[in-house]
Amino acid sequence: MHYVIIGNGVAGITAAFTLRERDRHARITVISGESDYFISRTALMYAYMDRMNLRDLEPFERKAYDKQKIDRVRGWVRDLNADQRQIRLEDGRKIIYDRLLLAVGSAPNRFQWPGLNAAKDGVVHFVSLQHLAECEGLTPSTKRAVVVGGGLIGVELVECLVHHGVEVDFLVRESWYWPMALAKEEGELIANHIRRHGVKLHIEHEVNAVRADASGRVVSVSTNKGLDLPCQMLGICIGVRPAVDWLKPVTTPPEINRGIKVNQSFQTTLPDVFSAGDCAEFVRPDGSPLVEQIWYAAKRQGELAARAMLGDAVDYKPSLFYNSAKFFDIEYTTVGDVTRLPDDATSFLHRLPGDAVSIRVIERNGSVIGFNMLGSRWDHTWFERWIHERRSMEDVMQQLHLAQFDVEFGRVRLDGVRAAFAEYLKTGSRRAA
Amino acid sequence: MTKIGTTHWLLHDLKNRGITAWLLSGILTAFYLVLYFTEWLTPLAQGIGLDSKWTLYGLLYTVAVTLGGLWVIRKYRHNRYQVVRTSVVILIQATFAFSIPHLLKFLHQPEYYFSYLWPLKMDYLTPSYIFALPLPFIVYSFLGSALLVPIMAALFGKRWYCSWVCGCGGLANTFGEPWRHLSDKSSTSWRIEKITIYTVLGTSLLLTAMLFISWGAGKSNPELARFTTGFQSFYGLIVSSMLAGVVGVGLYPLGGTRLWCRFFCPMAALLGLVQKFGRYRITVKQNMCISCGMCSKYCEMGIDVRSYAQAGESFTRASCVGCGLCAEVCPRGVLRLENRSSRDPQEAILVQIQGVSASRPLI
């Protein structure tokens, strides 16, 4: 049996190790055009900030691949022929598979602003090793930069640039920072924090046009509100989409919508071809498409897809949403539903005085459905459990300390939170979220 | 990435085995060689009114720990564990490891360092040395090594000593902060560490045993007494001078700050063995690790913390000194130092299944 995996990101590599755990003898080949070894994409920013070397981004020792007999092939795949069970690489090499996993991840979104095509130099994304190299090459000749896109990758790139002493204008299209994940209050708290680091954050600004000089290096970006921002680097961080463009012209393309369409067992429309991670598109029970572009989902999908490839009866269901991040110095933990809430949901928000610490618990029909926490550490597994058990907000607030995960001596005191919650109950100030 | 001529170049070079790092390493190594094997520093010490080169060394050491410590406190001011721990490190260095011994000397008492214990300080269980001291010092020496060390390690892990009290660890965690990430994280270095550290521990135990035998039976057996004395000075030269001083500190800018603590210190070995069976552990939050590797990178003991974090395994490693930096640098707050596994959600669920209310903190 020859398992071939295209993509050595977290989904692909987790699948490879899971396959090996169960099948000691099969041939396992992982193909990547990006890197020889699995790297942690999430740590790109630390490499950019000189806190890590490139080698430190590799989560496994290199000898682990030999020990687990996982063959690594470097190169971009150009063709897939499911009838002959064969893929072809850019350099002409052909590989025959018995089962194939497409774990090709995401590619950055790009918007065709006027002038963007003329800017051959200085326009960057920040999701791959190649992007990191570009950014590093440009930084010494950059005094000012514009970063577009109010999400996580955007703020990471901003933090890196600030670290290198670059003046940054940060453009966010929405009316506060990251409305996808944060309510207005928290979005403003983070926005203030970003500004405190010297970043010029422009809310409700969109790019109008990009200008480049004769050599093609970007020189300025103008916005819809009339700002003209000189810059030597333009970072485009407006989300990612499944990296499936290369699959459209192949001999036997699988069915593609936004991503590669798969069933609950990770099977594509092609026989013995599976897909997992950022590039896979599932169908929700209500018929709507589901693409999960997050590390945790990719890891879990990689493991389950491997089991499906081994013949297990796998029925994938996305887990309760959770995530965490860090905005400069502010840590963030979220579980469940916290934005785009139904009208009958209510939320309790408490901001601790002085510190940038906030606690938000959301309930609906008497049970908690979401948590959004900034500035202190929490063990999300407690939140997940409370949501699954449909606990009442009163009960959860009483036990909140169980989920605290702050460093020793640094535990955030919850007395104020509890007092505020008692007030919230008493005054009946439960308001729409 | 940082190139000559750009900002932070010097800092980057110094912290990443660049030319300035080699230069500084040369200076530090030369300083230790001069200190241990010549008397060149004696006139300098006497010139500024100190009684010996060792007092001068103690003063320099205390200044390095204090200044480095203040910088570390500033750097990690948002982290209470780091602030408390570093304050204690500075305080202990300034008192138990510097002013108190000299005060004792001034009061015509033995120059005794309460923050050092056998087997780090071999003298304190060397019968010919220790039995010449007044009784309270003898009692402290014996009880310290026999009770204080293992009990505290069982309760709080080896960190109570290695990253809160010990001078070697103190210097590493203050003055040495810029080089903590240079420790080797490979599984090969872990294998080597286990061989070297337990070899030194075995040697120190053997030496102590022989010192006691020689003290009891040396008079009737001059051959044994001579051999033991030779063994003692060999150990002093190789372990205490070369490994702890010259290698241990001299190589800070090249090999990281805990070379001595990780590969050679017999005290760390002993504490680590107790730690393995004690309450201390690093709890890993389930399914939250993004394998970024900051924890491994900044582990001064060369533990590949990421390998545990990404597998969701809470763990206790004998070498972990509990400095808490892995938890500090983790961008997703995955790690937590604990003295007991009370907060493990799975265990908590088990408790609840068994009918105990989870609202009661599980100790």
(request) Name every residue in the range A:54-78 that is facing chain B (nearest Cβ under 10 Å) and surrounded by 18 or more Cβ atoms within 10 Å (Cβ to Cβ), in order of residue number. (result) A:Asp56, A:Leu57, A:Glu58, A:Pro59, A:Phe60
(message) Can you name every one of the strands (runs of 3 or more DSSP E) wholly within the range A:97-148 that holds 2 or more residues which are away from chain B (no Cβ under 14 Å), over 24 Å from A:Val244 (Cα atoms) and in contact (Cβ under 8 Å) with a residue 12 or more places away in the chain?
(response) A:144-148
(message) Cβ contacts < 8 Å: first residue over 10 Å from A:Asp337 (Cα atoms), restricted to the range A:359-377; second residue in a strand (DSSP E or B) and acidic (Asp, Glu), any location; separation 6+ or different chain. Result?
(response) A:Leu374/A:Glu331; A:Gly375/A:Glu331; A:Ser376/A:Glu331; A:Arg377/A:Glu331
(message) Looking only at the range A:382-401, how many residues end up being facing chain B (nearest Cβ under 7 Å) and surrounded by 21 or more Cβ atoms within 10 Å (Cβ to Cβ)?
(response) 1
(request) Take the range B:73-86 and flag every residue that is more than 7 Å from every other protein chain (Cβ to nearest Cβ), out of contact with any Lys or Arg (no Cβ under 9 Å at 6 or more places or on another chain) and touching a residue at least 12 places away in the same chain (Cβ under 8 Å). (result) B:Ile73, B:Lys75, B:Tyr76, B:Thr86
(request) Looking only at the range B:163-176, decide whether some residue is within 14 Å of chain A (Cβ to nearest Cβ), more than 22 Å from B:Leu117 (Cα to Cα), in contact (Cβ under 8 Å) with a residue 40 or more places away in the chain and out of contact with any His (no Cβ under 9 Å at 6 or more places or on another chain). (result) no
(message) Being within 14 Å of another protein chain (Cβ to nearest Cβ), hydrophobic (A, V, I, L, M, F, W, C) and closer than 30 Å to B:His12 by Cβ is true for just one of A:Ala47, A:Ala11. Which residue is that?
(response) A:Ala47
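Confirm whether A:Gln68 is closer than 22 Å to A:Asp23 by Cα and polar (S, T, N, Q).
Spelling it out, A:Gln68 is indeed closer than 22 Å to A:Asp23 by Cα and polar (S, T, N, Q).
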(request) Please go through the range B:185-206 and pick out each residue that is touching a residue at least 12 places away in the same chain (Cβ under 8 Å), within 14 Å of chain A (Cβ to nearest Cβ) and closer than 14 Å to B:Ala318 by Cα. (result) B:Trp190
(request) Would you point out the residue of the range B:32-45, among those that are in contact (Cβ under 8 Å) with a residue 12 or more places away in the chain and surrounded by 13 or more Cβ atoms within 10 Å (Cβ to Cβ), that is farthest from A:Tyr46 (Cα to Cα)? (result) B:Leu41
(message) Looking only at the range A:79-96, how many residues end up being of a type in the set (Gly, Ala, Ser) and surrounded by 17 or more Cβ atoms within 10 Å (Cβ to Cβ)?
(response) 1
(request) Say whether the condition of being assigned to a loop (DSSP other than H, G, I, E, B) and more than 16 Å from the chain's Cα centre (by Cα) is met by at least one residue in the range B:148-166. (result) no
(message) Considering only residues that are closer than 15 Å to A:Arg211 by Cβ and among the β-branched types (Val, Ile, Thr), which ones fall in the range A:113-166?
(response) A:Val123, A:Val146, A:Val148
(request) Check A:Leu320, A:Leu304 and return the single one that is under 17 Å from the mean Cα position of the chain (by Cα), within 14 Å of chain B (Cβ to nearest Cβ) and over 30 Å from A:Phe111 (Cβ atoms). (result) A:Leu320
(request) Sort out which residues of the range B:153-177 are over 13 Å from B:Met267 (Cα atoms) and not small (Gly, Ala, Ser), and write them in order of number. (result) B:Leu155, B:Phe156, B:Trp164, B:Leu171, B:Asn173, B:Thr174, B:Phe175, B:Glu177
(request) Give just the number: which of (1) farther than 23 Å from A:Ile260 by Cβ; (2) more than 10 Å from chain B (Cβ to nearest Cβ) does A:Glu34 not satisfy? (result) (1)
(request) Would you please name the residue that is nearest to A:Val4 (Cα to Cα), looking only at residues in the range A:261-290 that are of a type in the set (A, V, I, L, M, F, W, C) and within 18 Å of the chain's Cα centre (by Cα)? (result) A:Ala276
(request) Determine if the range A:3-12 includes at least one residue that is in contact (Cβ under 8 Å) with a residue 12 or more places away in the chain, farther than 21 Å from A:Ile256 by Cα and over 22 Å from the mean Cα position of the chain (by Cα). (result) yes
(message) Given the options A:Ser220, A:Ser175, name the one that is among the polar types (S, T, N, Q) and touching a Leu at 6+ places or on another chain (Cβ under 8 Å).
(response) A:Ser220
(request) Need at least 1 residues that are modelled with pLDDT of 95 or more and under 29 Å from B:Gln310 (Cβ atoms) per element, so show me which strands (runs of 3 or more DSSP E) inside the range A:193-305 make the cut, counting only ones lying wholly within it. (result) A:233-236, A:240-242, A:273-275, A:280-283
(message) Just the residues that are within 17 Å of B:Leu182 (Cβ to Cβ), within 11 Å of another protein chain (Cβ to nearest Cβ) and either modelled with pLDDT under 95 or assigned to a loop (DSSP other than H, G, I, E, B) (or both), please, taken from the range B:270-308.
(response) B:Gly293, B:Tyr298, B:Asp304
(message) For the range A:335-353: of the residues being out of contact with any Lys or Arg (no Cβ under 9 Å at 6 or more places or on another chain) and surrounded by 16 or more Cβ atoms within 10 Å (Cβ to Cβ), which is farthest from the other protein chains (Cβ to nearest Cβ)?
(response) A:Thr339
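For the range B:191-203, state whether one or more residues are farther than 30 Å from A:Pro59 by Cβ, at pLDDT 95 or above and crowded, with 20+ Cβ neighbours inside 10 Å.
yes
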(request) Name the residue, out of B:Ile19, B:Ile48, that is more than 14 Å from chain A (Cβ to nearest Cβ), under 22 Å from A:Ala47 (Cα atoms) and either charged (D, E, K, R) or surrounded by fewer than 13 Cβ atoms within 10 Å (Cβ to Cβ) (or both). (result) B:Ile19
(request) Could you list, in sequence order, all residues of the range B:309-328 that are outside any loop (DSSP other than H, G, I, E, B), free of Cβ contacts under 8 Å to residues at least 60 places away in the same chain and surrounded by fewer than 21 Cβ atoms within 10 Å (Cβ to Cβ)? (result) B:Phe315
(request) Run down A:His202, A:His164 and say which single residue is in contact with a helix residue (DSSP H, G or I) (Cβ under 7 Å, 6 or more places away or on another chain) and not acidic (Asp, Glu). (result) A:His164
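The values are calculated or read from the model by the stated rules, or taken from the named source; none is laboratory data. Remember, predicted model here, so these are calculated numbers, not experimental data. We place every Cβ from the backbone using ideal geometry, glycine too, and count neighbours over all the protein chains shown.
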